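Down below is the structure, laid out as C-alpha cells.
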Amino acid sequence: MNVRRAEKSDIELIRQLADVAFRDTYKDILSADQMEYMMEWMYSSESMEGQMDEGHVYFIVSDGNRNVGYLSLEPQGSTEGVNVYHLQKLYLLPEEQGKGYGRRMFQFAVDYVRGQGNLPSRIELNVNRNNTALTFYEHLGMRRLCQGDFPIGNGYFMNDYIMGYDV
C-alpha cells in the first residue's frame, strides 16, 4: 500500500473515488436527494479546493497502479490542552474492503498526527450511527465521545457519533 499527499491537481481523482466509495458507503443510509446534496457539498471541485485552502490534508491510497481509496485530516486546534485532528474522510473502494487497507490507512493517520509533534493529540471523526464502519473504528480503539444530529443545510442532518482516539 502506498500513500501520497494529494494536491489540488488530484481533486478530480478524489471525486472519482468518492463517486464510488462514498456512494457505496451510504447507499442504504441516505436518501437519493441527500446523497446528491452531500456529494456536491463535500466533493464539488470548489468545495474541495476550499477545504485544501483551509488546511484539510488529503491523501491518495494506492496498491501498485490502482488507486483504492483516500483520506483527509483537518487540524482543529487545541481543546483542553489536547491538539485535535479531525479525520474527515477515510474511504475505500468497496471491492478493496476487508483486505487490511482501512486499518493501515487509520495507522497512517495516527502516524501523521504523531509526526506533527503537537502531542498530546487526539484524532476525532464523525461516523453515521447507522454506518457499519462503526464497529471497525471501535475495533481500532476509537471510543464514542458523544452523539448528535448535526445540520448540514438544505434541511439535512448528519446523525453521527463523534469518536476519539488518543495519540
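Taking a span of 15 Å or more along the helix axis (Cα atoms) and a mean Kyte-Doolittle hydropathy of at least -0.5 as the rule, the DSSP H helices of the chain that qualify are 11-26, 101-115.
With the charge dipole of the chain set up from +1 on Lys and Arg Cβ and -1 on Asp and Glu Cβ about the Cα centre, the Cα lying farthest toward the positive end among the listed residues 69, 29, 11 is that of 69. Dividing the alpha-carbon radius of gyration of segment 40-129 by the rule-of-thumb value 2.2 N^0.38 Å gives 1.14.
Let me check I've understood the local charge: for residue 34, count other residues with C-beta under 14 angstrom from its C-beta, Lys and Arg +1, Asp and Glu -1. What total comes out? Here the charged neighbours net out to -4. Taking trypsin sites (Lys or Arg not before Pro) in DSSP loop states with no more than 15 other Cβ atoms inside 10 Å as exposed sites, the chain has its longest site-free stretch at 28-98. Looking at the chain as a GNM with Cα springs under 10 Å, which of 109, 32, 18 has the largest mean-square fluctuation? Among 109, 32, 18, the largest mean-square fluctuation in the Gaussian network model of the chain belongs to 32. Rounded to the nearest 0.05, the FRET efficiency derived from the C-beta distance between residue 103 and residue 145 at R0 = 22 Å is 0.55. Loop exposure criterion: GluC sites (Glu not before Pro), DSSP state outside H, G, I, E and B, at most 15 other Cβ atoms within 10 Å. Applied to the chain, the longest stretch between such sites is 81-167. Here the calculated FRET efficiency for residue 36 and residue 8, from their Cβ-Cβ distance with R0 = 25 Å, stands at 0.60, rounded to the nearest 0.05. Taken over the chain, the alpha-carbon convex hull comes to 115 cubic angstrom per residue. Near residue 81: Cβ cut-off under 14 Å, other residues only, Lys/Arg at +1 and Asp/Glu at -1. The net charge is -1.
Among the aspartates and glutamates, select those whose C-alpha is under 15 Å from the C-alpha of residue 99, and discard any that sit fewer than 8 residues away in the same chain. List returned: 63.
Name the chymotrypsin sites (Phe, Trp or Tyr not before Pro) in segment 64-167 that are in a loop by DSSP and that have at most 13 other C-beta atoms within 10 Å, would you?
For chymotrypsin sites (Phe, Trp or Tyr not before Pro) across segment 64-167 that sit outside H, G, I, E and B with at most 13 neighbouring Cβ atoms in 10 Å, the list is empty.
Where a number appears in this text, it was derived from the coordinates with a stated rule and is not lab data. All values reported here derive from a predicted model rather than from experimental measurement. All Cβ positions, glycine included, derive from the backbone under ideal geometry; neighbour counts span all protein chains shown.
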